[in-house]
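Beneath this line is the structure, given in structure tokens, with notes to follow.
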Amino acid sequence: MNPGQCFKRSIIHGAPPSDKPPPDMPPSPHKSHFLQNSDNERVKVTVRSRPLTKAEESREDVIPVVFVNPDKSTVTVRRKGSFVDYTEFKFDAVLGASATQADVYAVAAQPIVLDVLEGYNGTIMAYGQTGAGKTYTLADVVINDAIQSRVEGIIPRSAANIFEYASNDKNHEYHISMSYIQIYMETIQDLLNPETTNLQIREAEDGGIFIAGVHEIEVKSLEDVVTLLMLGDCNRQCAFTKLNAHSSRSHAIVIITVEKKTFSLLDSTNSSEGRRISKGILVGKLFLVDLAGSERLKKSGSEGLRAVEAMSVNMSLTALGKCISARADPSITHVPFRDSKLTRLLQESLGGNTKTSLIINIAPCCDHIQETLSSLKFGIRAMKVGSRAILNFEEEFRVLNRHLQENTQSKDKQAGNDTKSHNQGVNPESHIDAQTNSGSKCSNILDHKGKVSRRAERNILKKSTKEPDFGQDSKDVSVNCGEEEIRELQRAYKKHYVDELQNVQVK
Ligand SMILES: Nc1ncnc2c1ncn2[C@@H]1O[C@H](COP(=O)(O)OP(=O)(O)OP(=O)(O)O)[C@@H](O)[C@H]1O
């Protein structure tokens with residue numbers, strides 16, 4: 001058979017895991033990349049190869065070029081037009097076309113979700129060319145009422161996992177909230193409140209990155225999450241292209257925040273009835289990132305606005321590639337995070353305070369060989385990116401204060417008085433009264449910017465260092481004090497969540 005001659009084969013993808021190489025594979029392919037798993041914290045990379053589509057399968061000229069071996073976690077790619085030149089890539093995990101959504105979740109998502117429940121930040125990100133299966137992997141929600149079954153992607157599965165874990169854990173209290181944004185042509189939009197366009201990225205005092213004014217909606221069940229996902233999807237930019245009938249034209253990010261309140265027992269003699277006091281809150285943030293796919297305009301046939309969208313996506317993915325390359329090379333000190341909104345927002349996910357799992361989605365068809373190679377190389381580079389995730393433990397009043405601050409900023413912005421309040425200051429009494437029924441008390445704690453005032457903070461900390469008299473267990477009790485203040489802040493921020501779901505708008 002001549003090199004380059006095309007023939008149809010249908011068993012390459014979707015074949016069950018097997019150690020045996022396909023019959024036309026060389027016994028020992030040239031290994032250009034090989035990376036052993038190590039215990040060191042770094043970005044974990046899983047490759048998922050989707051099945052051939054019906055159209056791809058029916059073609060007579062399909063040549064097998066991508067060979068996945070889930071047992072060895074390798075992907076071998078035959079170079080274009082060659083029968084002897086193979087390149088093997090080794091990843092943390094490789095899943096073929098027969099892998100189910102549950103398989104992908106178990107390998108690439110569950111470990112991160114469990115870490116988030118322990119108070120770490122986590123990112124699960126899908127990368128790959130247009131039509132390779134990123135949205136399917138992350139966001140797919142199929143509910144089949146007839147047989148009462150659900151086929152779900154990583155986002156709903158993560159949410160289900162989180163709620164199940166929280167409901168089984170009687171030793172902690174959980175507060176779970178969700179935001180959903182898209183980066184469309186370099187602007188950040190709140191998909192749960194599309195009226196607010198061009199949200200800004202800010203850096204917190206501890207160096208963390210957050211989006212100012214984004215809606216953070218409390219969710220109490222998987223159904224809440226699915227409802228918000230569907231609402232957000234209505235607002236997400238999608239369009240028909242030759243390569244994907246529902247091509248995402250934006251990067252979409254779901255952020256699920258899990259706050260886990262930890263307690264000390266005051267009366268250890270009777271643990272079931274003993275009084276508990278709050279020790280603090282573990283805060284884990286889960287970023288679920290459905291990147292828009294890279295796309296060659298010639299192939300996708302995008303024109304006009306579609307072409308501009310594709311160029312914007314390609315540019316931000318190039319920026320992502322540069323950041324990954326810089327992070328993977330210890331000799332490079334400057335990482336160009338500020339080159340795009342995407343990289344700025346994902347800064348912590350690329351070697352910062354976050355545990356990251358990257359899924360490389362590939363389309364097995366020989367037409368996409370160049371894109372597949374480029375995605376696999378991206379994955380190999382990403383495996384060299386280390387991370388330094390730490391437990392996020394906050395004292396309760398700080399968490400409440402942060403909520404209040406973020407909501408205040410968002411409300412100020414919506415009311416169009418952001419600048420005014422900065423220039424003139426906000427009357428603390430009227431500001432708090434507008435949000436709570438106990439304004440005068442809160443105004444003792446919050447300063448004019450809605451932050452815990454220095455004086456109140458000093459008082460809280462002063463009180464918390466006093467040894468409280470709680471009997472024998474008193475040494476355990478470190479943060480009992482300031483409870484009055486905490487209750488007032490609780491009242492203040494609770495107000496913000498009332499009817500939040502009803503405020504969600506659809507364009
Ligand atoms: N593992 C899979 N099994 C079955 N069908 C799949 C799989 N992966 C993807 N598909 C199908 O392939 C098509 C393209 O997938 P999807 O929209 O998820 O691609 P994408 O990578 O998100 O593309 P884009 O970047 O253009 O948004 C969809 O019809 C989807 O249902």
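The values are calculated or read from the model by the stated rules, or taken from the named source; none is laboratory data. Being a predicted model, the structure only gives us computed values, none of them experimental. Virtual Cβ from ideal backbone geometry, glycine too; neighbours counted across all protein chains shown. Only protein heavy atoms, including side chains, enter the accessible area calculation; ligands, DNA and RNA are left aside. Shrake-Rupley method; radii C 1.70, N 1.55, O 1.52, S 1.80 Å.
A compact table of results
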| read-out | value |
| --- | --- |
| Verdict on Arg48 being modelled with pLDDT under 95 and either within 16 Å of the ligand (Cβ to nearest atom) or not polar (S, T, N, Q) (or both) | no |
| Residue within the range 113-127 that is out of contact with any Cys (no Cβ under 6 Å at 6 or more places or on another chain), modelled with pLDDT of 95 or more and under 29 Å from Ile63 (Cα atoms) present | yes |
| Residues being among the polar types (S, T, N, Q), touching a residue at least 40 places away in the same chain (Cβ under 8 Å) and surrounded by fewer than 14 Cβ atoms within 10 Å (Cβ to Cβ) - total across the range 193-213 | 0 |
| Tally of residues being in contact (Cβ under 8 Å) with a residue 12 or more places away in the chain and either open to solvent by less than 10 Å² (accessible area, probe 1.4 Å) or polar (S, T, N, Q) (or both) across the range 154-175 | 8 |
| Filter result (modelled with pLDDT under 90 and in contact with a Lys or Arg (Cβ under 7 Å, 6 or more places away or on another chain)) within the range 211-227 | Gly213 |
| Single unsatisfied condition, Ala363 versus (1) at pLDDT 90 or above; (2) over 15 Å from Ile124 (Cα atoms); (3) surrounded by fewer than 23 Cβ atoms within 10 Å (Cβ to Cβ) | (3) |
| Selected residue (only one of Ile324, Ile332 is assigned to a loop (DSSP other than H, G, I, E, B) and either crowded, with 22+ Cβ neighbours inside 10 Å or not charged (D, E, K, R) (or both)) | Ile332 |
